[in-house]
Amino acid sequence: MGSNISPEVIAVQGGGDIDTETGAVIPPVHMATTYERDPDNSYSRGYVYGRPDNPGIARCERVINTLEGGAATIVLPSGMTAATFLFLALDRPAHIVAPTVMYWGLRKWLINDAPGFGIETTFVDGADPSAVAAAIKPGRTKLVWLETPSNPLWSISDIAGTSDVAHRAGALVGVDSTAATPVLTRPLELGADVVMHSATKYLNGHSDVLAGSLTFASDGAIAARVRGLRGSLGAILGPMEAALLLRGMRTLFVRVRHQSAAALEIARAMAVHPNIADVLYPGLERHPAHALASRQMRGGFGGMLSIRCAGGEAHAIATAARLQVWVRATSLGGIESLVEHRASIEGSGSPCPPDLLRLSVGLEPADVLIDDLSRALSA
Ligand SMILES: *Cc1c(COP(=O)(O)O)cnc(C)c1O
């Protein structure tokens with residue numbers, strides 16, 4: 001398929017390859033773990049063994065690379081593998097600047113496990129480029145990590161502004177763009193060096209595959225180290241999971257646009273509900289970074305929002321218990337709407353307030369989701 005074709009077409013057509021053997025419009029799933037060597041002793045078809053890669057992963061990588069406008073994409077078996085492999089690929093000892101409000105599992109890894117690997121992290125307000133600048137240790141800071149919108153408070157980081165600050169100090173910028181998706185934000189175009197996804201969420205979109213990805217602005221030493229880690233450890237997605245991920249990405253654009261529009265409707269309805277103390281959503285004019293989000297995100301503000309219940313933690317937990325359409329479960333970005341009391345899972349030391357419910361908007365009609373929430377909040 002030509003390189004001038006839009007990312008949306010590439011996503012819908014799963015990369016656009018027609019199977020040369022059969023003409024199948026959906027690619028075959030190759031389950032092989034080993035590949036034939038040529039008579040001249042080479043591997044001209046590119047595949048040797050199933051531990052470093054497989055053809056299904058390569059298809060997913062081509063699609064994600066086009067969506068993010070990158071030089072190289074590496075698909076990994078989870079978002080956590082993607083992020084931690086990037087950190088482990090830095091020249092160590094490494095100092096990282098990361099936001100206080102970020103995916104809790106990764107924050108926990110940075111606090112508890114990373115020091116043993118020679119990685120020290122300073123946590124700052126990721127929405128404040130001057131706080132990031134003050135935390136950078138020139139020569140020692142290898143990476144500035146951002147997550148925007150950030151889980152679960154949905155604050156916004158200025159990717160372009162922070163990239164300027166970081167690059168002047170010689171640090172790379174990595175962005176966890178899981179909540180924004182490549183439909184709404186392309187971090188590499190704004191100056192970031194690496195964009196990471198938990199592909200478990202919106203990229204796959206159906207709550208049935210665990211996967212992650214890293215897309216690099218340049219295919220250099222760090223990308224090569226991540227590929228080396230994947231190949232030597234066998235941290236790869238199986239062929240079936242890769243096929244499911246490719247299928248999921250076909251509907252990425254329609255899902256994310258629908259979910260963004262529905263999330264905005266829900267946020268507006270919740271903002272005037274008497275039993276709500278606050279609604280956290282970058283699409284609302286009252287969000288402190290609404291103007292920045294409007295510049296940085298195109299076509300919507302994403303399908304994630306949080307509500308703070310006026311009656312505190314007990315009210316939040318009781319509200320979640322009364323919901324009939326929203327499913328009480330962790331994770332996000334799937335077709336079914338999910339609700340979660342985040343403080344219960346994040347535990348002590350979390351910046352998440354106890355009265356907060358995180359909402360992942362699925363594909364059910366928005367009015368049904370609003371009615372369910374309104375009733376549960378008021379009961
Ligand atoms: C889920 C998630 C991760 C971790 O991804 P896994 O696929 O669960 O390993 C990282 N960042 C964000 C924002 C997430 O939502």
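Residues in the range 171-229 that are within 14 Å of the ligand (Cβ to nearest atom) and of a type in the set (D, E, K, R) were compared, and the one that is most open to solvent (accessible area, probe 1.4 Å) is 208. Mind listing whichever residues of the range 72-111 are within 15 Å of the ligand (Cβ to nearest atom), small (Gly, Ala, Ser) and not in a loop (DSSP other than H, G, I, E, B)? Of everything in the range 72-111, those that are within 15 Å of the ligand (Cβ to nearest atom), small (Gly, Ala, Ser) and not in a loop (DSSP other than H, G, I, E, B) turn out to be 79, 82, 83, 98, 105. Take the range 318-334 and flag every residue that is surrounded by 14 or more Cβ atoms within 10 Å (Cβ to Cβ) and away from the ligand (no atom under 16 Å from the Cβ). Passing the criteria: 318, 319, 320, 322, 323, 325, 326, 327.
In the range 34-71, what residues are assigned to a loop (DSSP other than H, G, I, E, B) and either within 16 Å of the ligand (Cβ to nearest atom) or touching a residue at least 60 places away in the same chain (Cβ under 8 Å) (or both)? If the condition is that a residue be assigned to a loop (DSSP other than H, G, I, E, B) and either within 16 Å of the ligand (Cβ to nearest atom) or touching a residue at least 60 places away in the same chain (Cβ under 8 Å) (or both), then 50, 51, 52, 53, 54, 69, 70, 71 are the ones that fit.
Residues in the range 131-161 that are away from the ligand (no atom under 16 Å from the Cβ), closer than 19 Å to residue 293 by Cβ and in a helix (DSSP H, G or I): 4 in all.
Residue-level check: of (1) modelled with pLDDT under 95; (2) within 28 Å of residue 260 (Cβ to Cβ), residue 138 misses just (2). Of the residues making up the range 272-317, those that are open to solvent by less than 40 Å² (accessible area, probe 1.4 Å) and touching a Cys at 6+ places or on another chain (Cβ under 9 Å) are 276, 306, 315, 316.
Matching residues to (1) free of Cβ contacts under 8 Å to residues at least 60 places away in the same chain; (2) in a loop (DSSP other than H, G, I, E, B); (3) touching a Pro at 6+ places or on another chain (Cβ under 7 Å); (4) not polar (S, T, N, Q):
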| residue | (1), (2), (3), (4) |
| --- | --- |
| 285 | yes, yes, no, yes |
| 291 | yes, no, no, yes |
| 300 | no, yes, no, yes |
| 333 | no, yes, no, yes |
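For the range 67-112, a tally of residues being touching a strand residue (DSSP E or B) at 6+ places or on another chain (Cβ under 9 Å), at negative phi and open to solvent by 40 Å² or more (accessible area, probe 1.4 Å) returns 8.
Could you check the range 112-130 and list, in sequence order, the residues that are of a type outside the set (A, V, I, L, M) and either within 15 Å of the ligand (Cβ to nearest atom) or not in a loop (DSSP other than H, G, I, E, B) (or both)? Give the steps one after another, and end with the answer.
Restricting attention to the range 112-130, the residues satisfying the condition of being of a type outside the set (A, V, I, L, M) are 112-113, 115-118, 120-123, 125-126, 128-130.
If the condition is that a residue be of a type outside the set (A, V, I, L, M) and either within 15 Å of the ligand (Cβ to nearest atom) or not in a loop (DSSP other than H, G, I, E, B) (or both), then 112, 113, 115, 116, 117, 120, 121, 122, 123, 126, 129, 130 are the ones that fit.
If we keep just the residues of the range 230-265 that are hydrophobic (A, V, I, L, M, F, W, C) and surrounded by fewer than 18 Cβ atoms within 10 Å (Cβ to Cβ), which is nearest to residue 6 (Cα to Cα)? Residue satisfying both the conditions and the ranking: 254. Which residues, counting only those in the range 8-31, are on the phi < 0 side of the Ramachandran plot and open to solvent by less than 40 Å² (accessible area, probe 1.4 Å)? Across the range 8-31, the qualifying residues are 10, 11, 19, 24, 27.
The values are calculated or read from the model by the stated rules, or taken from the named source; none is laboratory data. For clarity, every value in this text was computed on a predicted model and none was experimentally measured. So basically every Cβ, Gly included, is an ideal-geometry build from the backbone, and we count neighbours across all protein chains shown. These area figures cover heavy atoms from the full protein model, side chains too; ligands, DNA and RNA do not enter into them. Shrake-Rupley method; radii C 1.70, N 1.55, O 1.52, S 1.80 Å.
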